[in-house]
Each structure stands twice: as C-alpha cells, then as structure tokens.
Amino acid sequence: MTHTLGDTLTPHLIALDVDGTIVGYDGSLSESVRQVLDRLAEEGHHLVISTGRALPGALEVVHALDLKHGFVVCSNGSVVVRLDPELPLGWELHHVVSFDPKDALEQMHAALPTALFLVEDPDLHRWASGAFPVGELAESDTLDIVDFDELLTKRATRIVMREVNGTAEEFAAAVDSLGLHEVSYSVGWSNWLDIAPDGVSKASGLEIVADELGIEHAHTVGAGDGLNDLEMIEWVEHGIVMGQSKDELKVLASVVTDSVADDGLAVALVDYFGMDTALLEAEGTTSTRP
C-alpha cells in the first residue's frame, strides 16, 4: 500500500488481536513487539486491544503493554471498555451488547451434548457448565460452574462452546449443522466456537472506538490471525494478517507478514510506519501472564 510520511505521522487507530498476534500461543510477548508498540504509543497512535478474550484476559495484555488510556474491544466486540488511570479500577464499561442465548444454547447442546458451555453476562460474570481445560482461559478469569439449564436463564454478551473430544473435522461438521442465524459466530483453533449477538464483531466494536477517538477510516490499521478477525481485517484500511493464519483470512490482507513466532506484528508495523528497523533486533521474551 502506498502512503506518505505525513499519513503515517497522523494518529492512527491500531487494532491488535492478542493470541497469535501480540503474544504467542504460550502467552509470551517478544521484546521486539513490545518495543515497537511502545514507540507507536509514544508517537501518539492509539493502540486498541481487540480480542476474543473476556476482559480479565484482555487486561493482562493491557498491563503487560502498560496502556493507561484509550479503549479495549473484548469478547469479540460485545464489550468495549474505556481505560482511565483516574478510575477506581483503571477502566469502565463503555458499551455492552447482549442477547438471549437460550435458543442458540439449546441447538448447540443438541448437536454436541458432551461439549462445555460458557456464558458471559452483561456484568462480565462468567458461568459455565463445567471446568475448562487448564490454560485455556486467562488465569484471572473466574467461573461459576452451574447446571446447563441454568445457563439458559442468563443474558449473554458471548457464548463459548468447547468440545474436548473428537476431531476438528467432526466439530466443524457439527457447527455447520446448527443453522445459527440470529447470532454472529466464529470457529476457533481447537474445537472452540464463539457466539456473539447478531451483527457484533471486533469491527463493530472498533467502529465505536474510532468514532469516540475521532479517527478517520483512512487512518485505521488492524492485525490478526484468526477467523474471528475476518470482519476486523475487512473493516480497517490496512489489514495485517499473521503468517500462520488460514487462507480465508490471508486473502483479505493488505499484507501477510511473518508468523507470530518470527515477530510478524513488529515486522509489519515497522514497515508500514517507516520505523527504525533496529527495533526488530531486541532479544528475549517476557510472559504477559503472572
């Protein structure tokens, strides 16, 4: 993409997926990525974490990057949070979208009765039909384990279905059979299905943030690696797709960068914003998780 120095000096909204983009799948954050993001923030650009993680998991990365102001889009766009160090918690809910999950849950349970189900309510409390495998949720996440029927009574910002048995092909076939229409959904990497209110995605959350910040669409950049990033990569002016991503996402990219293991995010941002390539020579990693 052709752009001028003046374009890249203008404050941009930089939307950043977390797992597989900012951090590796083991939660590690490379020093090169950290330094590039620090420099962009210092230059006045708006770093916006945009993730499928619930707020506690998103805040782990916010703290790792020492972000104090701005916005976070989490739960795949259902929840938008405003950061402000003057607030008691350092953040406040800015926008929350919820829906009645009963019909979707019943369809999902009928298709995969052995699956685990999780519902996040509008207060960001999380309820689940059983304990998720260790390491799959942020350590700061708390779950109340309840009977499946109790989940049907909740209001939801998001549903997760996780099948710990069976193959990815069997899971995909079960999801295809569901015929979900009144919700938005995306299939994750490991027999994981995220469901949000209809029309809600990372892109819809980012549009709210762009309006609040007064950022023109021409000055939007996004980076991601998963199928829940499809709408975001389509929405931004400059879409960065990680090298390990599936072809369905790569075809939408302005640029396909290196994999997360090779600091692809840092490489693509240094190139786009014309930054000092010495930032890519930092060594060592630190973990975003305590």
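The values are calculated or read from the model by the stated rules, or taken from the named source; none is laboratory data. From a predicted model like this one, the values you see are computed outputs, not experimental measurements. Here Cβ is always computed from backbone atoms with ideal geometry, including for glycine, and neighbour counts include all displayed protein chains. When the accessible area is computed, the model is the full protein with side chains, heavy atoms only, and any ligands, DNA or RNA have been set aside. Shrake-Rupley method; radii C 1.70, N 1.55, O 1.52, S 1.80 Å.
Points to keep in mind about this one:
- For Glu136: the one exception among (1) free of Cβ contacts under 8 Å to residues at least 60 places away in the same chain; (2) within 19 Å of Ser190 (Cα to Cα); (3) crowded, with 20+ Cβ neighbours inside 10 Å: (3)
- Listed conditions (1) at pLDDT 90 or above; (2) in a loop (DSSP other than H, G, I, E, B); (3) open to solvent by less than 60 Å² (accessible area, probe 1.4 Å) are all met by Thr153, apart from (3).
- Residue within segment 259-280 that is assigned to a strand (DSSP E or B) and without any contact (Cβ under 8 Å) to a residue 40 or more places away in the chain present: no
- Of all residues in segment 215-230 being assigned to a helix (DSSP H, G or I) and buried (at least 23 other Cβ atoms within 10 Å of the Cβ), the one that is modelled with the lowest pLDDT: Asn228
- Taking the criterion of being aliphatic (A, V, I, L, M), in contact (Cβ under 8 Å) with a residue 40 or more places away in the chain and more than 17 Å from Lys202 (Cα to Cα), the residues of segment 66-113 that qualify are Ala104, Leu105, Met108, Ala111, Leu112.
- Within segment 238-262, the set of residues being under 18 Å from the mean Cα position of the chain (by Cα) and either within 16 Å of Leu13 (Cα to Cα) or charged (D, E, K, R) (or both) comprises His238, Gly239, Ile240, Lys246, Glu248, Lys250.
Yes/no per residue for (1) within 30 Å of Leu118 (Cα to Cα); (2) modelled with pLDDT under 95; (3) surrounded by 20 or more Cβ atoms within 10 Å (Cβ to Cβ):
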| site | (1), (2), (3) |
| --- | --- |
| Ala15 | yes, no, yes |
| Ile22 | yes, no, yes |
| Tyr25 | yes, yes, no |
| Ile49 | yes, no, yes |
| Ala54 | yes, yes, yes |
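- Within segment 232-246, being at pLDDT 95 or above and either open to solvent by less than 30 Å² (accessible area, probe 1.4 Å) or part of a helix (DSSP H, G or I) (or both) holds for Met232, Ile233, Glu234, Trp235, Val236, His238, Gly239, Ile240, Val241, Met242, Gly243.
- Qualifying positions in segment 197-213 - open to solvent by less than 10 Å² (accessible area, probe 1.4 Å) and under 16 Å from Glu92 (Cβ atoms): Gly205, Val209
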